Amino acid sequence: MPGILALTVAALAALLHVLIFVMESIRWTRPAVWRRFGVASQDAADITRPMAYNQGFYNLFLAVGALLGVVLWAVNGTGDVAGRTLLLFSLGSMLAAAFVLVTSGRKYVRPAAVQGTLPLLGVVLVLLA
C-alpha cells in the first residue's frame, strides 16, 4: 500500500512540474500566466521570456525523471533500485528547488509550498515503502 501511495504522489508531483513547464515555456507571455508569477507588465514578460523558457525545461526534466522512476518502480516492484533512486533524485531535486525559491524572499513562500509539498510527501513515502 505505501508503494502505491508513493507512486501516486510522485506522479502528481511530476504532473505539477509539467504544468509549470507549460506555463513557463509555452504560455509565458499570456497575461494570466505572467501575472500569476508576479511579473509586472507584458514588456517585462517579453524580456523575461528566455529565462522562463529555460526554467520551464528544468521543471520538465525533473518531471520526466520522476515519471520514469514511477514507471520503473511500477513495472519492477518496490525492490527496484533504479526506480527508487530516480524517484528520490527527481523528487529531492524538486524539493531542493522549492527550498531555493523560499530563500528568495517572503513573497515566494506560498509558491514554494505549492511546488514543494508533493515532492516532500513523495520522498517520505518512497523512503517508507
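FYI, it's all coordinate maths here, none of it is from the lab. Just so we're clear, the structure is a prediction, and the values are computed from it rather than from any experiment. Here Cβ is always computed from backbone atoms with ideal geometry, including for glycine, and neighbour counts include all displayed protein chains.
A simple spin-label model places pseudo-atoms 7 Å from Cα toward Cβ; at Val109 and Ser41 they are separated by 3.1 nm.
May I ask you to list the trypsin sites (Lys or Arg not before Pro) in the stretch 1-78 that are in a DSSP loop and have at most 16 other Cβ atoms within 10 Å of their Cβ? Don't jump to the answer; show the numbers that get you there.
Details: sites: Arg27, Arg35, Arg36; in loops: Arg27.
Those satisfying the criteria are Arg27.
Potential lengthening of the chain between Val124 and Arg27 amounts to 31.7 nm, from the contour at 0.36 nm per residue minus the alpha-carbon distance.
What is the packing order of peptides 82-89, 117-124, taking the mean over residues of other C-beta atoms within 10 Å and listing the highest first? Walk me through the intermediate numbers first.
Numbers: 82-89: 19.1, 117-124: 21.1.
So the peptides 82-89, 117-124, ranked by packing, come out 117-124, 82-89.
When Rg and Dmax are taken over the Cα atoms of the chain, they come to 15.7, 51 Å. Helical content of the chain, expressed as a calculated mean residue ellipticity at 222 nm, amounts to -27500 deg cm²/dmol (DSSP H runs of 4 or more residues, -39,500 (n - 2.57) each, divided by residue number, nearest 500). Converting phi to 3J(HN,Hα) with the Karplus coefficients 6.51, -1.76 and 1.60 and the offset θ = phi - 60°, the stretch 112-129 yields 5, 5, 4, 6, x, 5, 4, x, 4, 4, x, 4, 4, 5, 5, 5, 7, 6 Hz in sequence order, with x at every glycine or proline.
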